[in-house]
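To keep things clear, I will list the structure first and then write my remarks on it.
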Protein chains: 2
Amino acid sequence: MADKKKRRRPDSDSDSASQPFKNLLKPDEQILQILESFTSSLSSSSTSKPLTLADLALSTTCREVSDLSLSSVQSVIESLVLQLTHQILSGQGFSFTVPSRSSSNQLYVPELDRIVLKDKSTVRPFSHISSVRKTTITAKILSLVHQLCLKNIHVTKRDLFYTDVKLFQDQIQSDAVLDDVSCMLGCTRSSLNVIAAEKGVVVGRLIFSDNGDMIDCTKMGMGGKAIPPNIDRVGDMQSDALFILLVEKDAAYIRLAEDRFYNRFPCIIVTAKGQPDVATRLFLRKMKMELKLPVLALVDSDPYGLKILSVYGCGSKNMSYDSANLTTPDIKWLGIRPSDLDKYKIPEQCRLPMTEQDIKTGKDLLEEDFVKKNPGWVEELNLMVKTKQKAEIQALSSFGFQYLSEVYLPLKLQQQDWL
Amino acid sequence: MADKKKRRRPDSDSDSASQPFKNLLKPDEQILQILESFTSSLSSSSTSKPLTLADLALSTTCREVSDLSLSSVQSVIESLVLQLTHQILSGQGFSFTVPSRSSSNQLYVPELDRIVLKDKSTVRPFSHISSVRKTTITAKILSLVHQLCLKNIHVTKRDLFYTDVKLFQDQIQSDAVLDDVSCMLGCTRSSLNVIAAEKGVVVGRLIFSDNGDMIDCTKMGMGGKAIPPNIDRVGDMQSDALFILLVEKDAAYIRLAEDRFYNRFPCIIVTAKGQPDVATRLFLRKMKMELKLPVLALVDSDPYGLKILSVYGCGSKNMSYDSANLTTPDIKWLGIRPSDLDKYKIPEQCRLPMTEQDIKTGKDLLEEDFVKKNPGWVEELNLMVKTKQKAEIQALSSFGFQYLSEVYLPLKLQQQDWL
């Protein structure tokens with residue numbers, strides 16, 4: 001039988017001395033009221049339909065993909081093949097027209113706050129020595145995806161590679177063409193039923209269906225629910241949470257899951273354990289869209305923390321063609337922010353000096369449009385680069401292991417201290 | 001609503017040509033009978049108490065730790081501190097006696113089929129320039145663990161490090177002393193309530209409690225249940241499975257989870273997604289011990305696949321003091337075995353040439369006692385080193401994405417083809 005001994009309540013007399021700012025905390029009811037009014041203001045303002053590329057009269061044409069059903073993917077492939085046959089029969093030869101995914105074809109759209117793909121394309125002819133292999137690979141991937149549509153199963157990118165090692169030579173080649181095929185067909189990569197290994201977990205006030213099974217994330221113990229690799233089998237989301245807490249790393253996630261932080265402040269806690277994977281990004285977006293909840297991010301106070309936040313928020317360049325589906329708009333930077341280091345008196349020995357590379361990454365971020373758009377972020381990032389100091393979320397453990405869940409986060413919520 | 005379109009049954013006419021050996025498969029009922037008699041023979045033979053170190057009259061004394069309750073850990077620490085105080089007061093100075101974890105102090109015990117720690121110890125005096133820091137770190141870790149006992153919470157190794165960065169300097173130092181403290185106190189690391197981030201998932205015919213919540217792993221969709229980081233809160237295991245399928249990597253795991261392989265052949269599917277972490281090792285052992293099921297391992301056909309199998313089975317040198325709790329006895333090597341490459345006609349282009357390093361690792365494994373003990377393994381490993389070929393589980397995708405779940409595994413089970 002599992003050990004279910006009650007946790008002792010922290011002794012407030014002995015703790016307040018070593019836990020700075022604990023005395024500032026209001027009763028939970030008052031913090032909850034603050035959160036409720038914030039969340040309801042947000043969900044009423046977001047009833048207006050979110051902006052899409054089509055709403056903007058951009059001078060450049062942009063390319064976006066959308067979620068297609070398996071049968072639509074199948075018929076798009078079949079039309080494409082028919083069109084290719086006509087092309088060959090009419091003497092024009094066999095070639096694919098493939099959207100370019102090079103960085104010169106990328107555009108940050110401030111109104112949408114994400115990166116999109118412009119409409120440049122390249123022709124990939126079969127009858128040319130430089131492109132005959134890539135054209136063959138493209139045809140093979142199209143045929144494999146067509147098989148997946150017929151069988152209605154999901155496979156990993158690794159599985160695809162192994163169907164013809166001699167042709168692909170290297171998984172990088174089949175992966176790249178897979179993204180090309182998504183762009184060509186105008187559908188998201190998840191519509192192709194090709195999935196990446198998932199590593200994210202979710203816990204807290206969320207009920208959803210995974211492949212037909214109903215999952216109650218308040219009853220997932222400390223381990224939480226592994227985020228499904230295939231978003232198309234995820235549905236029926238319900239929640240009484242007031243916000244989504246997006247956590248960079250698992251150490252902080254474990255602390256919050258064990259303390260059942262989501263019962264004190266109704267929320268959904270989600271982490272990809274480091275770099276955001278596609279499954280977690282899709283899952284976060286789906287929660288945000290269906291539940292209309294604010295997303296608050298808890299990341300390390302270093303350039304990579306902000307970079308991770310930006311991948312969730314604005315997307316990565318590699319998959320910009322799919323940014324509409326992969327990005328979660330309006331993520332708030334809760335902490336650990338550079339200004340928190342002094343504000344919360346993080347001891348000097350728990351701060352780490354930034355390396356040359358860190359400082360360069362920080363300065364590069366200052367040049368990015370999605371940072372510039374938010375003056376508060378620019379200010380914080382300037383402070384980081386100036387002080388040359390970084391700190392992990394775990395640095396809060398210097399005030400006691402539960403300082404994060406018992407003082408820092410409640411105070412942040414009470415003060416609505418996010419940017 | 002999630003897409004729940006029925007999967008088409010594979011068309012047996014068109015598939016049998018491209019799916020070798022499919023015609024050898026007997027009806028599922030017959031395979032299930034084979035499995036049932038195997039599992040029941042195993043569980044009846046294992047009713048005799050498993051061997052322990054104490055049962056063996058070894059010439060060397062060995063050191064092992066055991067699971068202790070939090071209150072026991074607390075009182076062991078308090079007795080130790082009392083003893084240290086006496087030692088200081090009696091003029092003998094302040095020093096810890098710490099079990100040595102160097103490789104010269106390791107011993108493979110064939111009767112137990114795992115690595116154990118011999119009884120050499122070193123003295124760590126405070127009043128010596130070379131050990132004053134390490135002694136201070138040891139005292140600090142003891143005091144932190146004592147705090148965890150009082151609060152009854154779990155923290156990560158990273159949290160421990162951050163409580164005093166100035167003293168520890170580097171997480172490697174606090175991690176190493178944490179293992180020392182486990183040995184000194186004679187308890188497992190999980191008894192100290194210090195956990196490592198979990199990455200394993202489990203799905204299939206298992207019901208268990210995680211921190212008081214009942215989890216039904218047949219209702220965990222495709223994502224599965226994340227394995228809890230703290231084994232002491234795991235309990236109440238129930239299952240109608242006939243075996244546990246231990247899978248090295250997530251691509252194979254995803255295939256089996258989506259195909260709900262556990263419904264065709266009642267089993268529990270578990271993976272640590274690569275290198276075995278402590279949480280998954282503890283979870284696997286607990287399943288094996290409580291449910292008395294055979295464990296069949298599906299790993300890559302390369303030296304690392306066998307190495308991973310050996311860590312689950314016999315333990316790692318670094319944590320040999322805890323091998324009794326971390327290892328799962330009698331894991332069977334199901335596949336992909338070097339002899340399978342020819343037997344299942346894996347195409348040449350899906351096999352990879354072994355590197356010099358691979359071959360060296362393979363030869364080193366041949367010298368290991370736990371390999372030598374099993375003549376079948378020696379033969380397979382010799383074949384691997386001789387042919388200089390390796391292959392991943394995913395190589396089976398060359399016969400179709402579902403060849404693994406529809407032909408290879410059922411046939412392996414039918415033929416009881418494990419070592």
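The values are calculated or read from the model by the stated rules, or taken from the named source; none is laboratory data. Here the structure is a predicted model, which means the values were calculated and not measured. Backbone-built Cβ (ideal geometry, glycine too); neighbour counts: all protein chains shown. Surface areas here come from the heavy atoms of the whole protein model, side chains and all, with no ligands, DNA or RNA. Shrake-Rupley method; radii C 1.70, N 1.55, O 1.52, S 1.80 Å.
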Index of the failed condition, A:ASP175 passing every other in (1) more than 10 Å from chain B (Cβ to nearest Cβ); (2) free of Cβ contacts under 8 Å to residues at least 40 places away in the same chain; (3) open to solvent by less than 10 Å² (accessible area, probe 1.4 Å): (3)
Options B:GLN357, B:GLN394: the member that is among the polar types (S, T, N, Q), assigned to a helix (DSSP H, G or I) and more than 21 Å from B:VAL247 (Cα to Cα): B:GLN357
Only listed residue being more than 9 Å from chain A (Cβ to nearest Cβ), open to solvent by less than 10 Å² (accessible area, probe 1.4 Å) and in contact with a strand residue (DSSP E or B) (Cβ under 8 Å, 6 or more places away or on another chain), chosen from B:VAL145, B:VAL155: B:VAL145
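Kindly establish whether B:PHE161 is without any contact (Cβ under 8 Å) to a residue 24 or more places away in the chain, among the hydrophobic types (A, V, I, L, M, F, W, C) and not assigned by TED's automatic domain parsing to the domain that holds B:ILE308. If you could, list the steps in order and put the result at the bottom.
Numbers: without any contact (Cβ under 8 Å) to a residue 24 or more places away in the chain: yes; among the hydrophobic types (A, V, I, L, M, F, W, C): yes; not assigned by TED's automatic domain parsing to the domain that holds B:ILE308: yes.
So B:PHE161 passes the test.
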Lone qualifier among B:LYS249, B:LYS288 - being more than 14 Å from chain A (Cβ to nearest Cβ), of a type in the set (D, E, K, R) and closer than 23 Å to B:SER316 by Cβ: B:LYS288
Members of the stretch A:359-400 found to be surrounded by 18 or more Cβ atoms within 10 Å (Cβ to Cβ), closer than 14 Å to A:ASP302 by Cβ and of a type in the set (A, V, I, L, M), listed by number: A:LEU365, A:LEU381, A:MET384, A:VAL385, A:ALA391, A:ILE393, A:ALA395
Spans of helices (runs of 4 or more DSSP H) in the stretch B:236-318 with at least 1 residues free of Cβ contacts under 8 Å to residues at least 60 places away in the same chain and closer than 26 Å to B:SER190 by Cα: B:250-258, B:278-291, B:303-314
Qualifying positions in the stretch B:303-334 - open to solvent by less than 20 Å² (accessible area, probe 1.4 Å) and either of a type in the set (Val, Ile, Thr) or within 22 Å of A:ASP164 (Cβ to Cβ) (or both): B:ILE308, B:THR327, B:THR328, B:ILE331
The stretch A:376-399, subset touching a Lys or Arg at 6+ places or on another chain (Cβ under 9 Å) and within 11 Å of chain B (Cβ to nearest Cβ), residue farthest from A:PRO294 (Cα to Cα): A:PHE399
Unique residue being surrounded by 14 or more Cβ atoms within 10 Å (Cβ to Cβ) and either over 27 Å from the mean Cα position of the chain (by Cα) or under 26 Å from A:TYR312 (Cβ atoms) (or both) when the list is A:PHE168, A:PHE161: A:PHE168
Filtered residue count, the stretch B:263-278, keeping only those that are within 13 Å of chain A (Cβ to nearest Cβ) and either out of contact with any helix residue (DSSP H, G or I) (no Cβ under 7 Å at 6 or more places or on another chain) or surrounded by fewer than 24 Cβ atoms within 10 Å (Cβ to Cβ) (or both): 4
Total residues in the stretch A:245-300, condition within 13 Å of the chain's Cα centre (by Cα) and of a type in the set (Phe, Trp, Tyr): 1
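Every residue, every condition in (1) under 19 Å from A:ALA252 (Cα atoms); (2) more than 7 Å from chain A (Cβ to nearest Cβ); (3) open to solvent by 20 Å² or more (accessible area, probe 1.4 Å), yes or no:
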{"site": "B:CYS187", "(1), (2), (3)": "no, yes, no"}
{"site": "B:VAL194", "(1), (2), (3)": "yes, yes, no"}
{"site": "B:VAL202", "(1), (2), (3)": "no, yes, no"}
{"site": "B:SER209", "(1), (2), (3)": "no, no, no"}
{"site": "B:ALA226", "(1), (2), (3)": "yes, no, no"}
{"site": "B:ASN230", "(1), (2), (3)": "yes, no, no"}
For B:SER239: the one exception among (1) buried (at least 24 other Cβ atoms within 10 Å of the Cβ); (2) farther than 26 Å from B:TYR403 by Cα; (3) away from every other protein chain (no Cβ under 13 Å); (4) touching a Leu at 6+ places or on another chain (Cβ under 7 Å): (1)
B:VAL299 vs. criteria closer than 22 Å to B:LEU413 by Cα and open to solvent by less than 10 Å² (accessible area, probe 1.4 Å): yes
Count - residues of the stretch B:385-402 that are touching a residue at least 40 places away in the same chain (Cβ under 8 Å) and either more than 17 Å from A:LEU160 (Cβ to Cβ) or among the aromatic types (Phe, Trp, Tyr) (or both): 5
